[in-house]
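Data block below; observations after.
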Amino acid sequence: MKIALGTDHAGYPLKEAVKVLLTAAGHEVEDCGTHCAESVDYPDFVVPAARLVQTGECDRAVVFGGSGNGEAMAANRLRGVRCALCWNLETAALARRHNNANCLSLGARQVSEDEALKIVAVWLTEDFDGGRHLRRIEKLDTIEPG
């Protein structure tokens, strides 16, 4: 898979750890930054990562921040991006199985690095259940902005 990454300063160290995990597993990574721990604005890095999923240039994205909330909100502004904020293995599995989440948001101040790496691994391996869930997520793309 080709996976985009985007983060603010708070998520930078976790992004680097996830990048190692992804490349070791054979995935191609598109790192949209940030590339240091200096204070930055998360939309400047999260939106480009999510846009790569929206355009089909990447299969999925992982975005990071202190809580992961703002990052998920920013990514979800893009039609076709379904970004799930996950904080444990169950939310990651359900995000894939029920919501076909193509973007994962992680709060670096909310989960340990070890737990975050496990969350990413589950999110990468779970399949979408389809069925009744497909009908529901298709409705997301019919919502008009505004």
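The longest part of the chain holding none of the exposed loop GluC sites (Glu not before Pro), meaning those outside H, G, I, E and B in DSSP with at most 14 other Cβ atoms within 10 Å, is 58-146. For the chain, the Cys residues with no second cysteine's beta carbon closer than 4.7 Å are Cys32, Cys36, Cys58, Cys86. Think of the stretch 9-130 as having a plus end and a minus end, set by charges on the Cβ of Lys, Arg, Asp and Glu; of Val120, Ala49, Asn99, Asn99 sits farthest toward the positive end of this dipole. Each helix, a run of at least 4 DSSP H residues, gives -39500 (n - 2.57); summed and divided by the residues of the chain, these come to -13000 deg cm²/dmol at 222 nm.
This model, with +1 at the C-beta of Lys and Arg and -1 at the C-beta of Asp and Glu, gives the chain a dipole about its Cα centre of some 560 debye.
Taking Cα centre as origin and charging only the Cβ of basic (Lys, Arg, +1) and acidic (Asp, Glu, -1) residues, the dipole magnitude of the stretch 11-77 rounds to 180 debye.
The count of lysine pairs in the chain with alpha-carbon distances below 17 Å, taking only pairs 8 or more places apart or on different chains, stands at 4. The mean of 1/r over all distinct Cα pairs in the stretch 80-131, once inverted, gives the Kirkwood hydrodynamic radius of 10.8 Å. Report the net charge of residues surrounding Gly66, where surrounding means a beta-carbon distance below 12 angstrom and charges are Lys +1, Arg +1, Asp -1, Glu -1. The answer is -1. Farthest towards the positive end of the charge dipole of the chain, among the residues Ala61, Ile137, Leu14, is the Cα of Ile137, using unit charges on the Cβ of Lys, Arg, Asp and Glu.
Entry note: the stretch 2-146 has Rg to Rh equal to 0.95, where both radii use alpha-carbon atoms and Rh is the Kirkwood radius. Kirkwood analysis of the stretch 1-51, using all unique Cα-Cα pairs, places the hydrodynamic radius at 10.8 Å.
Length, then width, then depth: along the principal axes, the Cα atoms of the stretch 22-73 run 30, 24, 16 Å.
Any read-out appearing in this document is the output of simple, stated calculations on the displayed coordinates, not a laboratory observation. Bear in mind the structure is a predicted one, so any value in this text is a computation, not a measurement. Positions of Cβ are generated from backbone atoms using ideal geometry, with glycine treated the same way; all protein chains shown enter the neighbour counts.
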